Amino acid sequence: MNRPAENLTLKAANLGHAKAQYYYGVTYFRGEGVTTDYVQGHAWMNVALENGHEDAKSYIETLEEVLSEEDLEESKAISDKLLAEIK
């Protein structure tokens, strides 16, 4: 991912923009410009869904099939922290 675009997207995600949060989840899910990280992808998708981005559901369901219970707990902790910081 190109640095200026990445910085703007992260800034928008941290300001509560569900589309940017969804994009960040997809980025981690696909490993586009970052190392593939399903835990981070799941966390960002949960944040996006919480903020109204319904398309995140399909990624969440897919990831919940492959992540361990430990990974899901870690993802929840990350998404809870992100949501607390954003709201």
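TYR22 falls short of the stated requirement of being surrounded by 19 or more Cβ atoms within 10 Å (Cβ to Cβ), within 23 Å of ASN7 (Cα to Cα) and touching a Ser or Thr at 6+ places or on another chain (Cβ under 8 Å). Tell me whether the stretch 48-58 contains one or more residues that are of a type in the set (Lys, Arg) and over 20 Å from LEU83 (Cα atoms). No, every residue in the stretch 48-58 fails to be of a type in the set (Lys, Arg) and over 20 Å from LEU83 (Cα atoms). Summed over the stretch 1-50, residues that are of a type in the set (Val, Ile, Thr), modelled with pLDDT of 90 or more and not in a helix (DSSP H, G or I) total 2. Note on the stretch 51-70: residues that are surrounded by 17 or more Cβ atoms within 10 Å (Cβ to Cβ), out of contact with any Leu (no Cβ under 7 Å at 6 or more places or on another chain) and assigned to a helix (DSSP H, G or I) amount to 2. Of the listed requirements (1) assigned to a helix (DSSP H, G or I); (2) exposed (fewer than 15 other Cβ atoms within 10 Å of the Cβ); (3) not aromatic (Phe, Trp, Tyr), GLU74 misses just one: (2). Looking across the stretch 35-87, the residues that are touching a residue at least 60 places away in the same chain (Cβ under 8 Å) and either charged (D, E, K, R) or in contact with a His (Cβ under 6 Å, 6 or more places away or on another chain) (or both) come down to GLU85, LYS87.
The values are calculated or read from the model by the stated rules, or taken from the named source; none is laboratory data. Remember, it's a predicted structure, so these values are computed and weren't measured experimentally. Heads up, the Cβs are rebuilt from the backbone with ideal geometry, glycines too, and the neighbour counts pull from every protein chain shown.
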